[in-house]
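What follows is a set of notes on a single structure, which appears directly below.
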Amino acid sequence: MQSNELSNIELLKEIAEFLNEETEMEQMLQGALQKLLEGTIFETGWIFFINKKGKQQLITHEKLPRALQENECKHLQKGGCWCVTRFQKGDLNKASNIIECKRIVNARNTNREDHGGITHHATVPLQSGQEQFGLLNVATPNTIRFEEGELALLESVAFQIGSAIKRIYLTKQEQQVALVQERNRLARDLHDSVNQLLFSVTLTARGGVEMTDQKEIKETFKEIQYLTQDALTEMRALIWQLRPKGLESGIIEGIKGYGEILGLTLTVKVKGVVNLPASIEETLFRIAQEALNNVRKHSGVLKAELYLTVTPTDILLVVKDEGRGFHMNELKSLPSIGLQSMRDRARAVGGTVDWVTEWNKGTEILVRLPY
């Protein structure tokens, strides 16, 4: 066996060992890319993820020349690209030499001095079985074509990376299943214990009101009854959040059902076809829950309007009330309002949350999520 074949085997072993470590996705991909560049003639590289709708995302890159790094790698992410087009059409199944890359040409035209001699790149799909995740691109200065052996090595590395990505996705799915099971268990426990105890206290307080003629004692029992009823409503809402029964009939029915639990009159208007991925549906539902909680707790009204618009690339959710509103600089004094929680949930899937509000002019929460 020739020495370069031995070195390739050792490189593949090192990359495999790294990919099997318990690391975050981006950290794993960047580490694998670094090891690939250290052990081969390839000197720069970048990885795209491409979803089923063809939307691409630059996940990581290593040792890019300055022309390609400009403005957060805008030249790599915009404009036409042969490899992405072939990938989207399902015609890219193995490592290939690229005759010329439009994106690199655009970068060179913008910055002629700092392109580092990069004019062409090779590309290979990242896949596991029939499932494809994106592209691994590599390049070397002053090189317009790579040898078959170099492309074969690139395919082997891409296969390893694709398998690791699939493993991480499966692990996340298992974690999500475990989380749902734990939520269901906790919801059952709360319903069977705390919820029943609160209901018993409500009945006891009602009985106390009827059993005494003393005004002060009667008022005390009434206060206990009101407080317990509020706590019971809160508990039922919490159980609903943990195990939203309405979601099996669709997110709109789920949100309506939660509004009913809170005692809100909810007007809902929908534009577009609501057929969302599970992760986006979960995020949207949790944000809507938090928004409705804010209406009930802070607005002073029991009516709200909800608008859901679905486009080919985005989801826009608006929750509006005509309540008391608040000043933005008073958010620090309203820790329970949950706006930061909504913003964090949206950011986790690449979305945004904004709000418009003034005293006595209501509040409007605007959510935009990509999918």
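The values are calculated or read from the model by the stated rules, or taken from the named source; none is laboratory data. From a predicted model like this one, the values you see are computed outputs, not experimental measurements. Neighbour counts are summed over all protein chains in view; Cβ atoms, including those assigned to glycine, are modelled from backbone coordinates with ideal geometry. Only protein heavy atoms, including side chains, enter the accessible area calculation; ligands, DNA and RNA are left aside. Shrake-Rupley method; radii C 1.70, N 1.55, O 1.52, S 1.80 Å.
Solvent exposure of segment 246-303 amounts to 47 Å² per residue of accessible area, where only protein heavy atoms count and the probe is 1.4 Å. The alpha carbon convex hull volume per residue for the chain rounds to 182 Å³. Dipole check for the chain: with +1 at the C-beta of Lys and Arg, -1 at the C-beta of Asp and Glu, and the Cα centre as origin, the magnitude is about 1140 Debye.
A crude spin-label estimate for the pair Arg145 and Trp82, with each label 7 Å from Cα along the Cβ direction, gives 1.2 nm.
Between segment 9-87 and segment 93-154, what's the alpha-carbon centroid distance in Å? Measuring centre to centre over Cα atoms gives 10 Å. Given the options Phe48, Gly79, Ser299, identify the residue whose Cα lies farthest towards the positive end of the charge dipole of the chain (+1 on Cβ of Lys, Arg; -1 on Cβ of Asp, Glu). Of the options given, the answer is Ser299. In the chain, Cα pairs under 8 Å separated by at least six residues give a relative contact order of 9 percent.
For the chain, the fraction of 1.4 Å probe accessible surface lying on carbon and sulfur atoms is 50 percent. Counting every pair of alpha carbons in segment 62-175, the share spaced more than 25 Å apart comes to 28 percent.
Highest mean first, the peptides 302-308, 352-358 sorted by other C-beta atoms within 10 Å per residue fall in the order 302-308, 352-358.
Across the cross-link table entries Lys35/Lys74; Lys53/Lys166; Lys52/Lys172; Lys172/Lys271; Lys13/Lys74, which are compared at the Cα atoms, the separations over 22 Å belong to Lys35/Lys74; Lys172/Lys271; Lys13/Lys74. Taking a quarter of the surface of the Cα convex hull of segment 84-140 gives a mean projected area of 4.2 nm². Taking amide H as placed 1.01 Å from N in the peptide plane, Val268 has its amide H under 5 Å from the amide H of Leu306, each at least 5 places away in sequence or on another chain. Binning all Cα-Cα separations of segment 1-150 at 10 Å, short to long from zero, yields these whole-percent fractions: 10, 40, 37, 12, 1.
Amide H contacts for Thr119 (H built 1.01 Å from N in the peptide plane; partners 5 or more residues away or on another chain; cut-off under 5 Å): Asn142, Thr143. The translational diffusion coefficient of segment 254-371, from Stokes-Einstein at 25 °C and 0.890 mPa s with a Kirkwood hydrodynamic radius over alpha carbon pairs, comes to 171 µm²/s. Semi-axes of the equivalent ellipsoid for segment 112-155, computed as √(5λ) from the eigenvalues of its C-alpha gyration tensor and ordered from largest down, come to 25, 13, 5 Å. The stretch between Asn360 and Gln130, if pulled fully straight at 0.36 nm per residue, gains 77.2 nm over its current Cα-Cα span. Subtracting the Cα-Cα distance of Ile168 and Gln27 from their residue separation scaled by 0.36 nm leaves 49.5 nm. Residues in segment 311-321 carry Karplus couplings, in order, of 10, x, 10, 9, 10, 10, 10, 10, 10, 10, 9 Hz; the curve used is 6.51 cos²θ - 1.76 cosθ + 1.60 with θ = phi - 60°, and Gly or Pro positions show x.
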